[in-house]
Amino acid sequence: MEIKISDFDQMERLYRTQLVNSLWGFRPITLVGTTDKLKNPNLAIVNNLLHIGANPPLVGILFRPPVVERHSLENIIETAYLSLNHITKSFYQKAHQTSAKYDRNQSEFEAVDIEAEYKEGISVPFAKESPVKVLLELVDRKDIELNGTVLIIGKVIELFIDEKLLSKDGFIQHEKAGIVTSVGLDAYYETKLLSRLSYARPNQPPQKLNV
């Protein structure tokens with residue numbers, strides 16, 4: 001089957017949306033925890049994460065155009081802090097439900113029954129059940145003129161992680177915790193490690209590494 005760009009305009013809207021959203025395959029997903037200036041908590045699932053760099057540790061989150069209320073985006077811009085909370089098999093259905101359009105004054109933590117966890121000296125909430133939690137500070141914002149989306153870039157300030165997931169070289173074994181991934185907006189998948197491979201060099205076949 002061949003699909004040209006000219007075919008997209010002839011497609012039914014929901015079909016086209018599903019096709020394009022699932023085209024890029026598996027994506028990392030996470031829960032973004034924020035508060036507004038009045039300390040009202042917010043929790044939202046996102047699947048548009050972008051690794052920006054390791055030193056300093058930076059990650060990008062792409063938000064849809066702010067033509068309507070975007071509580072998470074607005075909170076991040078207001079307070080400059082957010083948490084990322086990886087999602088596991090045990091609560092992915094609850095995490096999915098945070099994508100519903102709740103009222104600004106309604107806490108998604110309470111609405112979907114995910115327990116909020118507060119750390120000493122940190123204003124934003126975490127999802128207690130998450131095995132990998134990250135505190136980010138907003139360091140940059142990029143407005144994408146092509147479609148109105150907003151790229152938020154956060155710097156990692158602190159990590160909270162189950163030590164059992166860490167290899168000796170610092171590699172995080174996501175599959176050990178049952179951390180899930182997604183395709184499109186509604187499909188969730190388990191992960192399985194095939195292998196880690198040695199650093200690629202010309203004329204040297206890769207070797208399998210111990211996890």
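The values are calculated or read from the model by the stated rules, or taken from the named source; none is laboratory data. Because the structure is a prediction, the values reported are computed rather than measured. Glycine also receives a Cβ, built like all others from the backbone with ideal geometry; neighbour counts cover every protein chain displayed.
On the given criteria, is residue 70 surrounded by 12 or more Cβ atoms within 10 Å (Cβ to Cβ), under 12 Å from the mean Cα position of the chain (by Cα) and charged (D, E, K, R)? Quick ask: steps written out before the conclusion?
Working: surrounded by 12 or more Cβ atoms within 10 Å (Cβ to Cβ): yes; under 12 Å from the mean Cα position of the chain (by Cα): no; charged (D, E, K, R): yes.
Here the answer is no, as residue 70 does not meet what is asked.
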Scanning the range 64-120 residue by residue, those at pLDDT below 95 and either in contact with a Cys (Cβ under 6 Å, 6 or more places away or on another chain) or among the basic types (Lys, Arg) (or both) turn out to be 64, 70, 101, 104
task: Determine whether the range 171-194 contains at least one residue that is at pLDDT 95 or above, loosely packed, with under 15 Cβ neighbours inside 10 Å and of a type in the set (Gly, Ala, Ser).
output: yes
Looking across the range 1-42 at residues that are part of a helix (DSSP H, G or I) and among the β-branched types (Val, Ile, Thr), the single one that is modelled with the lowest pLDDT is 5
Only one of (1) without any contact (Cβ under 8 Å) to a residue 40 or more places away in the chain; (2) out of contact with any Ser or Thr (no Cβ under 7 Å at 6 or more places or on another chain); (3) aliphatic (A, V, I, L, M) does not apply to residue 61, and that is (1)
For the range 1-22, pairs from a residue that is within 23 Å of residue 48 (Cα to Cα) and touching a residue at least 40 places away in the same chain (Cβ under 8 Å) to a residue that is of a type in the set (Gly, Ala, Ser) and part of a loop (DSSP other than H, G, I, E, B), with Cβ under 6 Å and 6 or more apart or across chains, are 21/184; 22/184
